[in-house]
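Notes to accompany the following structure.
The values are calculated or read from the model by the stated rules, or taken from the named source; none is laboratory data. Being a predicted model, the structure only gives us computed values, none of them experimental. Cβ placement follows ideal geometry from the backbone for every residue including glycine, while neighbour counts extend to all protein chains displayed. Heavy atoms of the whole protein, side chains included, go into the accessibility calculation; ligands, DNA and RNA do not. Shrake-Rupley method; radii C 1.70, N 1.55, O 1.52, S 1.80 Å.
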Amino acid sequence: MGKADDSLELADGASVKDAWAQVSSDDLPNNTLIAVNMEYTDISHVLNEGDEVAFFPPVTGG
Amino acid sequence: MKVVVQVENFDPWVEMKNYQDANIPAGKHGGSVTFIGSMRDFNEGVDGIASMYLDHYPGMTEKHLERVCQEALDRWDVMDAFVIHRVGDIQPDEAIVLVGVWSEHRSAAFDACRFIINDLKHRAPFWKKETRPEGEHWVEKNTQDDQATNSGS
């Protein structure tokens, strides 16, 4: 996706999956990590107003 | 417990001593285990890596590291845990990460230190970009620790 951040308008009850669909027409790559409000979660997580959703690749720290 | 994410280079031995002097009661710990991760000038069969840039997710990275340190303190009989992790530009031979754990007996400190560094390497949101002879390269995955117990990942 290559974006640092963006604001999305989503329907009530929308999930992380719906948020991804709004920013990309590609399937979410299998190894993508997902966080909502800086906590790891999965694609079925239901979002609330103001939530911060992050999609990122496998981590390589340490 | 303390977690620091910083741009500045640091001396891990000085940091361990300073943290111990300030936070670990004298005469109460029987062992400390220290893991120091340093930058190599080679990786994945490529030599001559000139430098590295470490990106992170400000806020989540610190929160994640604090959670894993707390989990280690809850799970093993350890007295304290201390983590420093660099971000930004790093040169070969510089320390990238320090994990220090103190306990009454060695076993708990070894186990907790290994748990923290393994979770950090596989779950904490950091990303390495190397400057290789042929150009910049994002590292795609870390090596696995074959001896890992339950790293939480």
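Kindly establish whether A:Gly61 is at pLDDT below 95, within 14 Å of chain B (Cβ to nearest Cβ) and closer than 24 Å to B:Lys128 by Cβ.
no
Mind counting the residues in the stretch A:14-62 that are within 11 Å of the chain's Cα centre (by Cα) and charged (D, E, K, R)?
Looking only at that region, the number is 5.
Yes or no, residue by residue, for (1) in contact with a Ser or Thr (Cβ under 9 Å, 6 or more places away or on another chain); (2) more than 26 Å from A:Thr32 (Cα to Cα):
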residue: B:Arg75; (1), (2): no, yes
residue: B:Ala81; (1), (2): no, yes
residue: B:Gln91; (1), (2): yes, yes
residue: B:Ser103; (1), (2): yes, yes
residue: B:Asp146; (1), (2): no, no
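Filtering the stretch B:12-31 down to residues that are in a loop (DSSP other than H, G, I, E, B) and surrounded by 12 or more Cβ atoms within 10 Å (Cβ to Cβ), which residue is nearest to the chain's Cα centre (by Cα)?
Our first condition is that a residue be in a loop (DSSP other than H, G, I, E, B); within the stretch B:12-31, this holds for B:24-30.
Adding the requirement that they be surrounded by 12 or more Cβ atoms within 10 Å (Cβ to Cβ) leaves B:24, B:29-30.
Working: B:Ile24: 20, B:His29: 21, B:Gly30: 22 Å.
Result: B:Ile24.
Could you list all residues from the stretch B:22-47 that are touching a Leu at 6+ places or on another chain (Cβ under 9 Å) and within 11 Å of chain A (Cβ to nearest Cβ)?
B:Phe35, B:Ile36, B:Gly37 - these are the residues of the stretch B:22-47 that are touching a Leu at 6+ places or on another chain (Cβ under 9 Å) and within 11 Å of chain A (Cβ to nearest Cβ).
Taking B:Trp13 as meeting all but one of (1) touching a strand residue (DSSP E or B) at 6+ places or on another chain (Cβ under 6 Å); (2) more than 13 Å from every other protein chain (Cβ to nearest Cβ), write down the number of the exception.
If we test B:Trp13 against (1) touching a strand residue (DSSP E or B) at 6+ places or on another chain (Cβ under 6 Å); (2) more than 13 Å from every other protein chain (Cβ to nearest Cβ), just (1) comes out false.
Out of B:Ala124, B:Ala109, report the one residue that is touching a residue at least 40 places away in the same chain (Cβ under 8 Å), within 13 Å of chain A (Cβ to nearest Cβ) and among the small types (Gly, Ala, Ser). Reasoning before the result, please.
Values: B:Ala109 fails: within 13 Å of chain A (Cβ to nearest Cβ).
None of the other options fit; the residue is B:Ala124.
When residues of the stretch B:60-102 are filtered for being open to solvent by 30 Å² or more (accessible area, probe 1.4 Å) and over 30 Å from B:Pro133 (Cβ atoms), how many remain?
Number satisfying all stated conditions: 12.
Looking at B:Glu130, B:Glu136, can you tell me which residue is modelled with pLDDT of 95 or more, assigned to a strand (DSSP E or B) and surrounded by fewer than 14 Cβ atoms within 10 Å (Cβ to Cβ)?
B:Glu136
Consider only pairs whose beta carbons are under 8 Å apart and that are at least six residues apart or on different chains; among these, list those whose first residue lies in the stretch B:48-68 and is more than 10 Å from every other protein chain (Cβ to nearest Cβ) and whose second residue is open to solvent by 60 Å² or more (accessible area, probe 1.4 Å) and part of a helix (DSSP H, G or I).
B:Val68/B:Arg123
Of all residues in the stretch A:42-56, how many are exposed (fewer than 14 other Cβ atoms within 10 Å of the Cβ) and within 13 Å of another protein chain (Cβ to nearest Cβ)?
So the count comes out to 1.
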